[in-house]
Amino acid sequence: MSDPNLPESAPPFCQEFQEACFLQIITQPATVIAVQFGLYGIYAILYAMCIFLLTSKRSSKYVLHCLLMSVLFILVTAGLVINTVVSTRETNANLVTYAFNPLDPASSGLEQVEKLNKLTPVGQAVTVTANLIADIILIWRCYLVWEADLNVVALPALFCLGNNVLAFVTVHQAIHSDIGSPFYSGVLGVGLFDLNSKLFLAFIFGTLVSNLLVTLLIAGRILYISRKMRASAGPRNSRMYSTIVAITLESGVLYPFALIVYAVTTMIFRFAPFDQAMLRDVRMALVSEVMASSLLQFVGIAPTLIIVRTGLGVAIQDTKSSMESKQDSGDNGRALDISSDVGRLSMPMFASRGSVESQIRSIDLEAQGKRK
């Protein structure tokens, strides 16, 4: 974008400034809104499929799980509305500031900036609340998969609790400060990187570590059970557990990957010297802002995707394994029934304690009886 008011011999700095302003004022909010709504559309479809899979069980034990997933969906929807309003108001404020008219002080954009300072932390509070609910779901899933072993989940649970408390304190301070948002950006997105911003960035890294740790704990436990199943009942009946391990890892790293992209781009942009924070760094700020606004969608997509992929994948694998087991059962025609345990691992909010281990022990006893 070139300004017709600038002479053709304008220095490159002025041209770069114009391009940076256009990128920050027009391109950034449009991209943020487009990406948000695109991810929200994907999340809405996954949420509908998730609720269908949970309610199709026709069991009261999935009521709380449906409730938590619904609360998460409501928070993501509210965050989408808030982020959209913030993006439009920020665009208006930047346009007014860029086209500042000294004869009309009311058009200086200060009123819009003050509204942003109050509204932006509210959106971040919604994001932190949704992150807390997602952590509860993840920790509870880990707790049940590990047969209600508090020694395993105690440290991750305390870490998640402290991390979310840190985020709430940071957002609370931001609401009562003049800056407003821990990552408030000015016309060119240079903004300030104060203590609140550093604490919020620490929360991002803490969430990254906790999500990866708990996901690996869940996958490791299911892999251990899968190997026991393979040793006791053969490889065919352990395929569903292997499927769950793959899905847990693939879907579980989705949110941490988004956190890594956001944290890296934010640090590169925020720590750049002011004289270098022009076109190149404003482009980096664009990626950072898009990821910051999209984190809420990833918070909802990650746990929902695990349920949907596992539910659909296990249904296919369960049918194949049952058919193969029946073919190999011989005259007695008896197939091993492990579908209930696989279902508990895919949606383990209310799995019975000892269900998987008891199934493995029963398979061991059956194998011993056959050898006799």
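Gain in length, Leu254 to Leu150, computed as 0.36 nm per residue apart minus the alpha-carbon separation, to one decimal in nm?
Extending this stretch completely gives an extra 34.8 nm.
Within 10 Å of each residue's Cβ, count the other Cβ atoms and sort Ile175, Ile306, Ile26, Ile225 from fewest upward.
Going from least to most buried by this count: Ile26, Ile175, Ile225, Ile306.
Determine, for Lys228, Lys198, the number of other Cβ atoms within 10 Å of each Cβ, and report the residues in order from fewest to most.
Lys198, Lys228
Find the Rg to Rh ratio for region 30-71, where Rh is the Kirkwood radius over alpha-carbon pairs and Rg uses the same atoms.
On the Cα set of region 30-71, Rg over Rh gives 1.18.
No value in this document is a laboratory result; all are computed from the given coordinates. These figures come from a predicted structure and were not determined experimentally. Glycine gets a Cβ as well: all are built from the backbone with ideal geometry, and neighbour counts include every protein chain shown.
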